[in-house]
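Here's the structure, in structure tokens; my notes come after.
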Amino acid sequence: EEMMYLKDKYLGKYPQLRDKKVITYAPTFRGAPKERGMFTLHLDINKMAMALRHDYVLVLKLHPSVTKQPAIPNELKDFVLNLSNDDMNHLLAITDVLISDYSSLIFGFALLNKPMVFFSCDLGQYIDERGFYYDYEQCVPGPIVRTTGELIQTIQENQFDNLEAHRALQHLNLK
């Protein structure tokens, strides 16, 4: 019931969401505290728009510590919405496909039984800087992509393995 309410609320506020699926990109922060305010959007949003704008809208949900938000060109305003100031749980409720990288929000999102893709273009560097408690490539509940092209292909071909996702999360939750 609350999910329907949220969906209606967002449709009223953002008409570009009508008749589209919502892809939410929610990356975690990078770098030391001083560097976190800057965030480089490694996604090629122009390329994504060309391939996906007929069926999808891309919602950006950047980490609260990111102070310098990426500019969205006018010609992409129908495809990209920066809703970084919105409540994460509200956005997840309207999300059809989640793109994340190393964020813990995947654990909550997995309960909604919706697909996830892991855009991990800097995996080696992230492991060197921060590390993981578990083997990232074995345990993430969805495909890992390293380029915008791979991401687009995964979404277009609907290559999400939800069974694998649940096995991976159950495995992590049992530990």
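The values are calculated or read from the model by the stated rules, or taken from the named source; none is laboratory data. Just so you know, these numbers come straight off a predicted model, no measurement behind them. Glycine gets a Cβ as well: all are built from the backbone with ideal geometry, and neighbour counts include every protein chain shown. Heads up: the accessible areas ignore ligands, DNA and RNA and are worked out on the full protein's heavy atoms, side chains in. Shrake-Rupley method; radii C 1.70, N 1.55, O 1.52, S 1.80 Å.
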### Query
So which of LYS20/LYS61; LYS9/LYS47; LYS68/LYS114; LYS20/LYS68 end up more than 26 Å apart by C-alpha?
LYS9/LYS47; LYS68/LYS114; LYS20/LYS68
### Query
What full-extension length gain, to one decimal in nm, is calculated for TYR5 and GLN69 as 0.36 nm per residue of separation minus the Cα-Cα distance?
20.2 nm
### Query
Quick one: net charge of ILE72's neighbours, Cβ under 14 Å, K/R +1, D/E -1?
+1
### Query
For the pair ASP87 and ASP19, how long in nm is the line joining their label points, each one 7 Å along Cα→Cβ?
3.0
### Task
Can you tell me how much longer the chain between ARG53 and LEU76 gets when fully stretched, taken as 0.36 nm per residue apart minus their C-alpha distance, in nm with one decimal?
7.4 nm
### Task
Starting from the residue with the highest accessible area, list PHE119, PHE107 in decreasing order, probe 1.4 Å.
PHE107, PHE119
